[in-house]
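Just so you know, all these numbers are worked out from the coordinates, no wet-lab data involved. Values in this document were obtained by computation on a predicted structure and should not be read as measured data. Glycine gets a Cβ as well: all are built from the backbone with ideal geometry, and neighbour counts include every protein chain shown.
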Amino acid sequence: MSDTRRKLIDGAIEAIRTVGISGVSARSIAAAAGVNQALVFYHFGSVHELLGAACMTHTKASVELFQPALDKVTTLKQLLAVGRDMHTQQSQTFNVTILAQLLAGSRTDAGLAETTRAALQLWIDAIEQVLIRVLATSPAKDLVDTKGLASAVSAAFIGLELYEGIDPAGAVHALDTLDQLAVLVEVVDDLGPIARRAFRAKVKRVADR
């Protein structure tokens, strides 16, 4: 990636942070990047194309930053611990706020929606691989749609980050409750063979109602 393209992508992220998606323009991006605004169109064709590139680049960097920690996860409790660390770091850098702004802008821009969806999928894919590994020996293995659960976890993470902005105590309480659920899953995982079969049968009966 050329130095100018890198500056423009960084400038786009900074513009979203400072003026929000509704206030982003070639001028605000160029000012944040310290370049002539004509370069936005020369390198990307349009502001929306630049925002899409910034979204993918920014999200990919965030996923790569936490991938080593995700690779070490072997339990849901550990996954939540990584999630708490991500929550702290992403809040400090406003990374989730940026993604939320892009999601908001995607409601009226099909092109940006496609790119933002692809960026969010990077998180979903990373979390899905963790869930597949964590649930591999769990009695719940055949009862959980890991792809759907990964999507739910990713969406919940974004929601919690935004929720914290209006109710910090409520967000902490929500994370603590997720920890309790992780403990419950560990208890189920420690069941003996007979109890595991009974658990699976009971859950299946309830799910089939």
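Determine which member of the set LEU131, LEU149, LEU120 is closer than 20 Å to GLN89 by Cβ and part of a helix (DSSP H, G or I). Let's see the steps before the verdict.
Numbers: LEU131 fails: closer than 20 Å to GLN89 by Cβ; LEU149 fails: closer than 20 Å to GLN89 by Cβ.
Residue meeting the stated conditions: LEU120.
Kindly indicate which of GLY105, GLY111, GLY83, GLY45 is at positive phi and not polar (S, T, N, Q).
On the way: GLY105 fails: at positive phi; GLY111 fails: at positive phi; GLY83 fails: at positive phi.
Being at positive phi and not polar (S, T, N, Q) holds for just one of GLY105, GLY111, GLY83, GLY45, which is GLY45.
Please find, within region 129-171, the residue that is surrounded by the most Cβ atoms within 10 Å (Cβ to Cβ) out of those that are of a type in the set (D, E, K, R) and over 20 Å from CYS55 (Cβ atoms).
Taking region 129-171 first, the residues of a type in the set (D, E, K, R) are 133, 141-142, 145, 147, 161, 164, 167.
From the residues that got through so far, the ones that are over 20 Å from CYS55 (Cβ atoms) too are 133, 141-142, 145, 147, 164, 167.
Working: ARG133: 16, LYS141: 13, ASP142: 10, ASP145: 10, LYS147: 14, GLU164: 18, ASP167: 11.
Ranking the candidates gives GLU164 first.
The rows are residues; the columns are (1) part of a loop (DSSP other than H, G, I, E, B); (2) polar (S, T, N, Q).
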| site | (1), (2) |
| --- | --- |
| ILE9 | no, no |
| ALA15 | no, no |
| SER22 | no, yes |
| ASN36 | yes, yes |
| ALA61 | no, no |
| LEU70 | no, no |
| LEU79 | no, no |
| ASP85 | no, no |
| THR88 | no, yes |
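This table checks each residue for (1) in contact (Cβ under 8 Å) with a residue 24 or more places away in the chain; (2) within 24 Å of the chain's Cα centre (by Cα); (3) farther than 19 Å from ALA104 by Cα.
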position: ARG5; (1), (2), (3): yes, no, yes
position: THR18; (1), (2), (3): no, yes, no
position: ILE21; (1), (2), (3): yes, yes, no
position: ALA32; (1), (2), (3): no, no, yes
position: ALA38; (1), (2), (3): no, no, yes
position: PHE41; (1), (2), (3): no, no, yes
position: ALA53; (1), (2), (3): yes, yes, no
